[in-house]
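A.B. asks: This is the structure, below, for whatever I ask next.
The values are calculated or read from the model by the stated rules, or taken from the named source; none is laboratory data. Computed from a predicted model, the values in this text were never measured in an experiment. Cβ coordinates were reconstructed from backbone atoms using ideal geometry, including for glycine residues, and neighbour counts include every protein chain displayed.
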Amino acid sequence: MSALAAGWTDGSIGYPVLFGGVLLGSVVPVVPTGAVVGAGAAFAVTAHELNLVLVVLVATLGAWAGDLVTFAICRFGGPAAVRWVARGQHAERIEEVREQFRRHGWQIVVVGRLLPAGRIPVLLAAGALAYPWRRLLPASLLAAFLWAVAYAALGVVSGGIFDSPLIAVLLATVLVLLVGAVLNAVGSHRRRTPDPEPDPSTCGPA
């Protein structure tokens, strides 16, 4: 991450690095994209070599492009490509999201982008259901923008605590990863907890 911070000292390099990191991590989850955005925002408010608004916009475009590429793979890539995207995903989780997608559509696209581990099942469901591009494009753009703002805000918080760009970047990275871990744990707990069975004594007329 320190090497990434060093590259951000030049905006002509920093913005392409930010865009490429978010795009790559959105298609191939080997880069923690939220941490990249948070670190970029922290660097922007401490070193002043990057513009915070541009950081959010570039991150939005990178996330949006990554989601569209993933959706296109899910819709047109064939069974092998879909299995590649779905690796590590639970079949019951994907089916659950598919049912939610039928009822809520674009709202699920937005929520799936904001929740850890929610994006891939939503895009798999959208591809399987042949969700129309005219609806996906604005929904995924809104989702990418809200996502970028949320993670940039964590970077701004860390930049407001420390004046050192490197320390602010590291703190932003830790904050983003910590928030993601907590949300993942909460989501996993909710999925493992069965819905309570209704009490027959409370059903029907007394």
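A.B. asks: Go through region 147-164 and give me each residue that's modelled with pLDDT of 60 or more and not β-branched (Val, Ile, Thr).
C.D. replies: Within region 147-164, 147, 148, 150, 151, 152, 153, 154, 155, 158, 159 qualify.
A.B. asks: Among the numbered conditions (1) buried (at least 24 other Cβ atoms within 10 Å of the Cβ); (2) over 16 Å from residue 153 (Cβ atoms); (3) among the hydrophobic types (A, V, I, L, M, F, W, C), tell me where residue 71 comes up short.
C.D. replies: The single condition residue 71 does not satisfy is (1).
A.B. asks: Could I ask something else about it? Pairs only if they're at least six apart or on different chains, beta carbon under 8 angstrom, first in region 97-120 and at positive phi, second part of a helix (DSSP H, G or I) and surrounded by fewer than 17 Cβ atoms within 10 Å (Cβ to Cβ); list them, first residue then second.
C.D. replies: 105/135; 117/184; 117/187
A.B. asks: Output the residue which, of all residues in region 79-104 that are over 18 Å from the mean Cα position of the chain (by Cα) and closer than 14 Å to residue 130 by Cβ, is modelled with the highest pLDDT.
C.D. replies: Restricting attention to region 79-104, the residues satisfying the condition of being over 18 Å from the mean Cα position of the chain (by Cα) are 79-84, 90-92, 95-96, 98-100, 102-104.
Checking which are closer than 14 Å to residue 130 by Cβ leaves us with 82, 98, 102.
Values: 82: 80, 98: 72, 102: 73.
This residue is 82.
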